[in-house]
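Have a look at the structure below, then the notes.
Every number in this text was worked out from the coordinates using simple rules, so none of it is lab data. Worth saying up front: this structure is predicted, and the values here are computed from it rather than measured. Please note: Cβ atoms are built from the backbone with ideal geometry, for glycine as well, and neighbour counts cover all protein chains shown.
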Amino acid sequence: MSVLNKRLMPGLRSLVRDWRSGELQLLSIAIVIAVAAVASVSFLSDRVSQALNKDVVQSLGGDLVVRSGDFIPNEWLEQASSLGLENSITVEFPSMVSSDTATVLSSIKAVSDNYPLAGEFSIFKKWGVSSDTYVTSGAPKPGTVWVDPQVLQRFKLKPNDVLHVGDIELVIDKVIAYEPDRSMQFVNIAPRVLVNVQDLDRTGLLGLGSRASYRLLLKGGKEEVGSFHHWVEKQLKAGQEILTLENHRPELQRALNRAENFLSLVALLTILLAAVAIALSARRFNVRHIDGIAVMRCLGASKQYISSMLWTEFIAMAMLGSAVGIGAAWLVQIGLTNIVSIWMDITFPPATWVPYAKGLATGVLLLLGFAMPYLLQLVRVPPARVLNRTFGVISVRRITTVFISTLAFLALLVILTGNYQLGLIVGLGFVITMLVFAMVSILVIKTMVFVAKYFKRWPLFRFALTNMVRRRSMALIQPGALAAALTVVLLLTIMRTDLLNAWQNTVPPDAPNTFLINIQPDQKQDLIKFIESNGIKTSRLAPLIRARLTAINGKEIDIDSYSSERARSSLTREFNLSYQSNLPDSNKVVTGRWLNPDMPEISLESRMAERLQVGVGDTLTFNFAGQERDVKLVGLRKVKWDSFDVNFFALLSESVLKDMPSSYITSLRFPEDSGDLVSKLSTQFPNITVFDVTALLTQVQNLLSQVITAIQLLFMFTLAAGIAVFAAVLLVTREDRIYETAIMRALGAGQRQLKASLRLELLVVGVVAGFLSASAAQAISWVLAEYVFEFPLTLSLWPWLVGIVAGGLLSLLSGRLVLKGVREAPPLASLRAAQ
């Protein structure tokens, strides 16, 4: 108890006293804002990651899934059994199924009785009568088959009718509304036909050369699954892989990673602004406590006592501020997860301990890292300062201050992103932006002061601007901090309006919403007539030829030499190839040139070329059903996949492919409510697969809108941090302003004149900050539109209007709250206190 009284109680009493006097309020607000931003992002990413992991287990069909291009080895099954894991095997391949009147390409999947190990099927209750469904587990019984609704549509069948699958007839038992582990990849869009694995051999469909994919599904305890994962990883050969979120749902993983990085950047920017506010507030705390610490030293307080008191006070404040920030973040994340749940259609589990730990660490590191230099200075206050106030404080060397702040910043990088490069780029970009803002601010203010000399009738205007220039360091920080906060808010607003509208305008009203696949050469003319007779604009039919890449520069491909799973996967299956006379509108040559149709050449999509580790000038060898052809890589293309045109990773010269067996693919714009038209098309051309992407287009637009809304909510923390910095600057200059006001009042200035001068100064700062923020936001938006989204953006006037008005209002409001009472201070008392 005596140790507690000696070490802790003085610091806690000092905390209460300083809080009541208002010395620590801005420091606490900055901590709360930073912690709330970090914890909100952490809460969101933590809960989303947990939900996605659970969703991935269900979408995979088990806790662990291993895919193979050949039969599952018996030793894998034996190892799984020895670990007590439940297992199930599926076999998936494309094949034709038929009725008495038609034949259609389908995606056949054979499953065992205990399939799926995770997730459940959704089955239509009464097909053709209503869309009501019920949930079931298990698999089709031997002799029966479950099918997609498209199968019934194309064959004009109904449940309990017979479907021919290979050499056998199976009774249609159920109509599938949802299949838990079905991949949504473009190559797997043929209608599903689900059979029992016991019927697979009787179908006679798994002959030589069949393109079957085998999967081993496992379910069990976390440790047992982990042990099998570690064991089987060493057994994998070419064509075998462990399915994870990255390779099973790569688009979802990439979206999640980008979202987490972007949200982390929001939190990081908030932290940087909060750090400036904390440093400025700590500086003010230092200045206002120097004399009090000097008196304590004269009364016998040791450096150890002062140090213990200050450290206790600040650590306690960091803990309390962090607790409040975490509480605020917990409330915010409820709203954010509700927003995200709308577009991700998942239920979020409770958060783990990680967001709480991150929030607490952020508060402590921020306060200690950016306030510590000023605490160290207070500990070194000499007792002689009581007798002679000209005695300065032994300041901490600047290199020490920079080292401490940098160390705290790097620690926060590890906590937030784990990506040093990303964090350092953002930190450096922040510093450069603030310097640019500061230089432009001082240039604008000096220009205005020069101009104001010619307006002798406006002495208050000249006085306000002269005050700003005289406090040079504060004039550099003041508009820049407010501008940095307004920039990100305006940027997100522009992204939500102009950028989103520009993206939507890149997809014209008649953009394709339906793909037709597996069109046979003898059907081309009849299909075109059918399309035109129904008032649909005829689109180009692109030839589709399949071939396997076997060699690069005359050297046979060694799949094991590729570390990228996507590269290995591309090389273990056939490529979809095509030819075209002219460069497609949605393609752009970035390296090399376009194809010469008379020469054996190839043009690759740039990212595919990067995965395959090839470049312009290399020779690629393709095998077309036993025929090998060499082609020279002459160009790399960037493809706009979101154009919904027919695009390919690999385009070859017509001279190479024109004599090869091919099918055709096209994209069309079907009108709304085109169910009857699709039914007619399926009836007349039963082998053609119809893929409707209307829902995908709508989902993408809704997704963009919801994500931007969620991010805008988080940027409110950044705006709050910017206002905190602005307020901190005003507080630092408060004493100087009181002294200047006292002199002005002693010289005869009235309350109305002083009020007008202060408002004018704040308004100038706000207008400058608003102009800077609008300019920066417009510039960044243009860069994003030009080099990231790749569409033209027309600059608008509204960001400048909004930025200037918002900057002026925020500046006036903050100044009114922080500088309240400056004009009312008695002149004589203020002048005596300044001596």
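Sorting the segments 152-160, 87-95 by their residues' average number of neighbouring beta-carbon atoms within 10 angstrom, most packed first, yields 87-95, 152-160. Taking a point 7 Å from the Cα of V16 along the Cα-to-Cβ direction, the residues of the stretch 293-310 with backbone N closer than 17 Å to it are 309-310.
A compact globular protein would have a Cα radius of gyration near 2.2 N^0.38 Å; the ratio found for the stretch 556-673 is 1.11. Loop-located GluC sites (Glu not before Pro) in the stretch 572-680 (DSSP state other than H, G, I, E, B) with a sparse environment of at most 14 neighbouring Cβ atoms within 10 Å: E672. For the pair L801 and K126, the difference between a 0.36 nm per residue extended length and the Cα-Cα distance amounts to 237.2 nm.
Of the peptides 135-141, 309-315, the order by per-residue mean of other Cβ atoms within 10 Å, starting with the highest, comes out as 309-315, 135-141.
Pop the C-beta distance of A384 and M9 into the FRET formula with R0 = 30 Å and round what comes out to the nearest 0.05. Once the sixth-power term is evaluated, E becomes 0.60. Estimated from the Cβ-Cβ distance and a Förster radius of 41 angstrom, the FRET efficiency linking K529 and L583 is about 0.90.
Can you list the lysines whose alpha carbon sits under 30 Å from that of K588, skipping same-chain ones fewer than 8 residues off? Straight-line reach from K588, under 30 Å: K524, K537, K555, K632, K638, K640, K658. Placing a pseudo-label 7 Å from each Cα along the Cα-to-Cβ vector at S82 and E574 gives an inter-label distance of 3.9 nm. At a Förster distance of 60 Å, what's the computed FRET efficiency of R540 paired with R816, Cβ-Cβ distance as r, to 0.05? So the FRET efficiency works out to roughly 0.40.
Here the label points at I432 and K658, each 7 Å from Cα along the C-beta direction, are separated by 5.2 nm in the simple model.
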